[in-house]
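We did not get these values from a lab; they are worked out from the coordinates using the rules stated. If you're wondering where the values come from, they're calculated on a predicted model, not measured in any experiment. Here the Cβ is made from the backbone with ideal geometry for all residues, glycine too, and neighbour counts use every protein chain on show.
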Amino acid sequence: MIKKLAFSIVILLAVIMFLFPDKSSSQEMEPRNYSSIPIRMNALALTYAYTNGNIITQGSTPIKDLELTSSTVGIGYLRSFGLFGKLCKLHAAVPFVFLSGTAQYKGNDTAGTRTGFGDSRIKLIMNILGTPALLPKDFMKFKEEFVLGTSIVISVPTGLYYDDKLINLGSNRWGFKPEVGMSYNKGPFFFELFTGIWMFTKNSEYLKTNSVTQDPLFALQFNVSYFFPSKIWFAVNSTYVTGGETKVNGIVQNNLQKNFNLGLTLSVPINNNNSIKANFSSGVATRAGGDFTSLNVTYQYIWF
């Protein structure tokens with residue numbers, strides 16, 4: 001009975017991975033990525049993220065009513081600097097994840113958990129137009145209008161991974177997301193459009209001798225932010241992702257993603273050095289993924 005239950009847990013979590021790979025990577029909702037800030041700024045961020053939702057499974061699978069819950073605690077650091085007179089930002093983040101899932105496997109209720117570090121992220125941003133590299137004293141006189149920027153996100157395989165197990169918090173592969181972003185300021189409103197493509201290397205250690213590959217994943221994000229005189233800002237976010245079908249030993253898994261999410265973001269400054277930001281998002285339309293609801297709360301401390 002114990003062996004049967006353990007096998008059911010492994011199958012449950014494996015389906016989570018194959019039917020909805022890298023959800024956190026593909027459906028980020030982060031407004032103000034290319035916003036203007038002074039150079040030589042440092043920021044330390046502490047984040048808690050809660051995600052809950054139902055995985056959509058194919059009719060032929062023995063697993064039904066598959067629900068996933070995760071809690072993630074993350075720490076991140078950002079540094080701004082100038083390069084060729086342009087504003088640049090370097091950001092790094094490390095997550096620690098608590099994951100659990102419940103489902104029915106062949107008519108029987110089952111559950112499984114995983115706890116450990118997830119894959120780390122490094123992001124380099126350069127604003128090409130609209131944001132020069134300014135020291136704090138000069139930045140106070142600057143007014144942001146149109147901004148065109150580019151970035152690269154690197155997913156580093158630092159997460160928990162066992163090559164003899166089906167479920168892992170780490171992906172055991174590298175991910176790269178080049179992106180182009182635009183922002184336009186009109187009065188208290190900021191309009192933003194980001195577009196990028198996630199590309200992944202092969203995981204050649206799936207169950208020791210098997211390989212898993214994933215097609216490129218296209219991501220599009222649109223945000224509208226409103227800034228109050230008190231420096232509180234509020235944003236409506238939307239993301240659309242498509243692609244990302246996976247193959248195991250060259251066999252297509254029929255899990256092409258087409259997902260549309262909506263979200264809300266609120267940022268509240270406490271003083272000149274401290275702020276709190278909260279983001280809520282939910283799936284509106286999904287294919288080969290899940291109807292997920294996410295809540296993220298971030299505390300940020302900045303200094304020069």
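Taking the number of other C-beta atoms within 10 Å as the exposure measure, put ASP164, ASP215, ASP119, ASP138 in order starting with the fewest. Can you show the working numbers first?
Values: ASP164 7, ASP215 16, ASP119 25, ASP138 12.
Starting with the residue having the fewest Cβ neighbours, the order is ASP164, ASP138, ASP215, ASP119.
Spacing of the modelled spin labels on THR209 and PHE280, each 7 Å from Cα toward Cβ, amounts to 5.1 nm.
Sparse packing (at most 11 other Cβ atoms within 10 Å of the Cβ) combined with a DSSP loop state is found for the following trypsin sites (Lys or Arg not before Pro) in segment 76-178: LYS106, LYS141, LYS143. Can you list the aspartates and glutamates whose alpha carbon is less than 14 Å from that of LYS208, not counting same-chain residues fewer than 8 positions off? Partners found: ASP163, ASP164. Between MET140 and THR195, the contour length at 0.36 nm per residue exceeds the Cα-Cα span by 16.8 nm.
Among the chymotrypsin sites (Phe, Trp or Tyr not before Pro) found in segment 88-171, those both in a DSSP coil and sparsely packed, with 15 or fewer other Cβ atoms within 10 Å of their Cβ, are PHE142, TYR162.
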